[in-house]
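First the structure, in the form of structure tokens, and then the observations on it.
Read the figures in this text as sums done on the coordinates, not as results from a lab. None of the values given here were measured: they were computed from a predicted structure. Positions of Cβ are backbone-derived with ideal geometry, glycine not excepted, and every protein chain shown enters the neighbour counts.
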């Protein structure tokens, strides 16, 4: 099995479980008491979305793609999946409503913050690896 596909399936499974857990926590924190078929459906949809977002992050492992292509593809697919999931969950996300624009803005801001945190984290790791490689080469000579 392809390494990227295998990683995507593992991350997707982890995301699915995390999405359900987050849904249950939010359900409990907002006063939810009785789990109904509708709430189970919402938990599952949240799990599917998280699986999509986390599994889809393996786009960044496709070495032939630029960082821009990876980012735009992941962003667009996760945003569209978010809209789809929000729409099928009792239609709480109605395109064109004020809530739609607020949620979209929050999504974009959260995406940018997470992307920047990951970018600078990896940049720091690469810098450290390069310094260690340089020190190793100097030590070797």
Most exposed first, judged by fewest Cβ atoms within 10 angstrom, 101, 52 run 101, 52
For the pair residue 135 and residue 122, the simple spin-label estimate (label points 7 Å beyond Cα toward Cβ) gives in nm 2.4 nm
The residues 63, 131, sorted from fewest to most surrounding Cβ atoms within 10 Å, come out as 63, 131
Summing -39500 (n - 2.57) over every DSSP H run of at least 4 in the chain, dividing by its residue total and rounding to the nearest 500, the 222 nm mean residue ellipticity is -28500 deg cm²/dmol
Residues 123, 7 in order from fewest to most other beta-carbon atoms within 10 Å are 123, 7
So the angle from the long Cα axis of helix 37-56 to the longest Cα principal axis of the chain, reported in degrees to the nearest 10, equals 20 degrees
So the angle from the long Cα axis of helix 98-140 to the longest Cα principal axis of the chain, reported in degrees to the nearest 10, equals 20 degrees
For the chain, longest principal axis from Cα atoms; helix 3-29 axis from its Cα atoms; angle between them, nearest 10 degrees, is 40 degrees
In whole angstrom, largest first, the equivalent ellipsoid semi-axes that the Cα gyration tensor gives for the chain are 36, 18, 15
